[in-house]
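Peer 1: Below is the structure I would like to discuss, written out as C-alpha cells.
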C-alpha cells in the first residue's frame, strides 16, 4: 500500500475481493504476470485479477510498469503491468518451515525446499492459511457475523541447463480457497451462508536459447491457466433468496520472443504471441418473486499478436526504446499499439531525465461479448493513450535518490451498459497526476522510502450523469513512508505509514443510489525480526497500530489493531 502511483481496495476481510488501481485506472486495466503467466481471470466480467488469494510465498521480486504497456504485453495492459517473479533454487538443498499466528484466530504455515544439483535447480513451497476474520460488512452498521477464509497454495519451479546456451524452466502454481462473504456493505449486509470457493491452476514451460555467441536469444513459452469460481448462499435473516453460480475460465498461451543484439548499443526484439480463452458459467437464483436459471455455454476467443521493439544506446548517456505491435482478435478485429521511451543521463550531476508515450488496449471479455443477459458481440476494445515525463536526481553515489514524474492518461471506448443493460462502448475517463519519491540509505544499516502521489481521475463520458466527477475509490492524495533498520546481524525493525485522502464511492444499496465520501485515514504498521540461532528466527508485526477505522469500499470493514507472531526454521544452508 505504500508504493507510489498505486492504490488498493479490499471488499471486506481476508480472502475478499481485492483490486489494485495504477495511476487511477480500473483494476481490470492492469495486467498481472506471475513467472510470465498471465493471471487475469478469463471468467471475470472485466478480466481483472483478484489479489485476495495471491500467495506471497517464495517471491523474489515484484516489478511495476506504469502507463500503457500493450506494445510488449498485449491486452489488459492499458494502465500498467505487475510482474511477479518467484525465487530460483541454487546450491545445496535448503529446507524451511515457517508458522505464524495472531489476531482474528489467524494461523499460517509454510514449508518448502529449494536448491540445485549440477545442471538442475528446483524450488517447491507449500502453504496454508486460515483465519476466522471479521465481518466483511462493517460492524459500524450493526453487522457481527465473522467472515473467515481458508486457502492452500503450492508454488514450484524447476529448471535444467542442458548447456550454457540452452535451458528449460517449468512453473507450477495451485491455489484452493474458501471464503465467507456478505451480501453487501452497510446495513443488513450480514449473510452467514454466503460462500465463495476458488480453485486456480497455472502451468508454464519455457525454453531459452542463445545462438551465434549471444547475438540471438530466443525464448519460447507455453502456458495454461484455469480458474473455477463458485458462489452460493441460502435464505438468512436479511436475505430471503438462495443462489448457486459457477464461473469457469481457461487460457492457453504461446509466446515466442527473439532478442537480436547487434552490438552493445543496438538490440532488436521481435515476438509472436497467440492465446485462446474459454469461459462458461451457470447461474441459479430463487426468491419470493420466482426462479432465474441461466446457462452460459462455453465460448472462446483467439487473439494473435506480433511486436517489434528497438532498444538504442548512443554514447553513455542517451537510451531509447521504440516499439509497435499488431493484434488480431477473432471477434473485434485488429488493433495497433505503439510506445516510445527516451532517457538521458547527465553522469556528472547524477541526473536522469525520462519520458514515455504509448497506447494500450483491452479486448472485451467473453462475459461482455456473450453473456445471455449483458453480452454484445459487436463490442470494440477499450483503448488508452498515455504519456509521462520525469526527472530523477542521485546524491552521494547514489545512496540518496529523489524523483518526480507527471503522468496523463486518456481512456476511450470503456465498457458500460445501456438502458437495456447490454454492454456497450460508451464511457471515457481521464487520469492525471504527479508522483514524488525520496529514497536512500543515509546510514549503513538504515534505509527509507518516502513518496507522495496526487491523482486526478475523472469521468469524461459525454452522456454520463457523473461527467466531470471523480472516479470512485481513488484517493487524490496518498503518502507512503517506509523505514527499515538493521540493529545487528540478528535484529531488524521496520515502520510503515500510509496516508490516503478522501475518496468518493457510491452506496449501491440505497434507492436511489447515492454518491458518498469515504474519509481520509492514516495507518501505521510495525514489523521486526530477531535471529535466536543460526537457523531460527522470530518475527512479528503489528498492523493498524492506532486502531484507525476506515473504509476502502463503502460499507465494508478493514482490519483494526492486530498483531501476529511467527517463527522461521531454516536448515541446510
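Peer 1: If you wrap the stretch 6-571's Cα atoms in a convex hull and average its projection over all directions, what's the area in nm²?
Peer 2: Here the figure is 26.1 nm², rounded to one decimal.
Peer 1: What is the packing order of peptides 237-244, 11-18, taking the mean over residues of other C-beta atoms within 10 Å and listing the highest first?
Peer 2: So the peptides 237-244, 11-18, ranked by packing, come out 11-18, 237-244.
Peer 1: Label the stretch 505-557 by shape, choosing from rounded, prolate and oblate, from the square roots a ≥ b ≥ c of the eigenvalues of the Cα gyration tensor; if a/c is under 1.5 it is rounded, and otherwise prolate applies when a/b is larger than b/c, oblate when it is not.
Peer 2: Cα axes put the stretch 505-557 in the prolate bin.
Peer 1: Can you give the extra length, in nm with one decimal, that the chain gains between residue 330 and residue 317 once fully stretched, where that is 0.36 nm per residue apart less the Cα-Cα distance?
Peer 2: Length difference between fully extended and current span is 0.3 nm.
Peer 1: Can you compute the FRET efficiency between residue 274 and residue 161 using 1/(1 + (r/R0)^6), with r the Cβ-Cβ distance and R0 = 41 Å? Round to the nearest 0.05.
Peer 2: Calculated transfer efficiency: 0.90.
Peer 1: Less than 12 Å from a label point 7 Å out along the Cα-to-Cβ axis of residue 107: which backbone N atoms in the stretch 163-205 qualify, by residue?
Peer 2: none
Peer 1: Return the FRET efficiency for the residue pair residue 306, residue 563: r is the Cβ-Cβ distance, R0 is 35 Å, and the value is rounded to the nearest 0.05.
Peer 2: Result of the calculation: an efficiency of 0.10.
Peer 1: Taking Cα centroids, how far is the stretch 59-126 from the stretch 271-289 in Å?
Peer 2: The distance from the Cα centre of the stretch 59-126 to that of the stretch 271-289 comes to 28 Å.
Peer 1: Order 220-233, 65-78, 416-429 from most to least packed using the mean count of other Cβ atoms within 10 Å.
Peer 2: The packing order, highest mean first, is 65-78, 220-233, 416-429.
Peer 1: Also: For the stretch 24-173, what does the alpha-carbon gyration tensor say about shape, rounded, prolate or oblate, given a ≥ b ≥ c as the root eigenvalues, a/c under 1.5 as rounded, and a/b over b/c as prolate?
Peer 2: oblate
Peer 1: Please work out how much length the chain gains when fully extended from residue 387 to residue 535, using 0.36 nm per residue of separation minus the C-alpha to C-alpha distance, in nm with one decimal.
Peer 2: That works out to 48.4 nm of additional length.
Peer 1: Between residue 446 and residue 517, what is 0.36 nm times their sequence separation minus the Cα-Cα distance? Round to one decimal in nm.
Peer 2: Roughly 21.7 nm would be gained on extension.
Peer 1: Quick check on packing: order 176-183, 339-346, 363-370 by the mean number of other C-beta atoms within 10 Å, highest mean leading.
Peer 2: The densest-packed peptide leads the list: 363-370, 176-183, 339-346.
Peer 1: Could you please state, rounded to a whole Å, how far the C-alpha centre of the stretch 342-387 is from the C-alpha centre of the stretch 520-573?
Peer 2: Centre-to-centre distance over Cα atoms comes out at 35 Å.
Peer 1: Label points 7 Å out from Cα along the Cβ direction at residue 454 and residue 406: separation in nm?
Peer 2: 1.1
Peer 1: Now, a different point. So, R0 is 35 Å and r is the distance between the beta-carbons of residue 550 and residue 118; what FRET efficiency does that work out to, to 0.05?
Peer 2: Here the calculated transfer efficiency is 0.10.
Just so you know, all these numbers are worked out from the coordinates, no wet-lab data involved. Every value quoted in this text rests on a predicted model; they were computed, and no experiment measured them. FYI the Cβ positions are ideal-geometry reconstructions off the backbone, even for glycines, and counts take in every protein chain you see.
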